[in-house]
Amino acid sequence: QVQLVESGGGLVQAGGSLRLSCAASRHIFSFNAMGWYRQAPGKQRELVTSISTSGRINYADSVGGRTTISRDSAKNTVYLQMNSLKPEDTAVYYCNAADSWSTYWGQGTQVTVSS
């Protein structure tokens, strides 16, 4: 049973920064890719960023230049650094991992950006 546990969400003012963490219950290189999604109220879940085992990274246009995904294989953790946060970044942020058999999700962490 794979577990992904997010942390680091909270309330921040516009222009501020947050770093989210996603701790995996198995080695992060056992997944084909890991990433972050977000879901705002009344909207569909959308990709924020992803990183493959080889290190290829994708960013959504809406967060490009303000967001960095990174990982620490020794801690089996993936991070999402978000800077210059905007009220429209308010959402529940979910960690995601995929291997050849399944896709896994964390429970989500709330990020609220006040104007």
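All of the numbers you see were taken from the coordinates with simple rules; none came from a lab. Note that the structure is a prediction, hence the values are computed from the model and not measured. Virtual Cβ from ideal backbone geometry, glycine too; neighbours counted across all protein chains shown.
Observations, loosely collected:
- When the chain is treated as a GNM with alpha-carbon contacts under 10 Å, the residue of Thr53, Thr77, Thr90 showing the greatest mean-square fluctuation is Thr53.
- Here the relative contact order of the chain, from alpha carbon pairs under 8 Å that lie six or more residues apart, stands at 37 percent.
- The modelled label-to-label distance for the pair Val2/Gln107, using points 7 Å beyond Cα in the direction of Cβ, is 1.9 nm.
- Alpha carbon Rg of the range 76-115, scaled by the compact-globule rule 2.2 N^0.38 Å: 1.44
- Choice from Ala33, Ala24, Ala60 showing the highest fluctuation, given a GNM over the chain with Cα pairs closer than 10 Å: Ala60
- The peptide list 70-76, 99-105, put in order of mean Cβ contacts within 10 Å with the highest first, becomes 70-76, 99-105.
- The alpha-carbon positions of the chain define a convex hull whose volume is 95 Å³ per residue.
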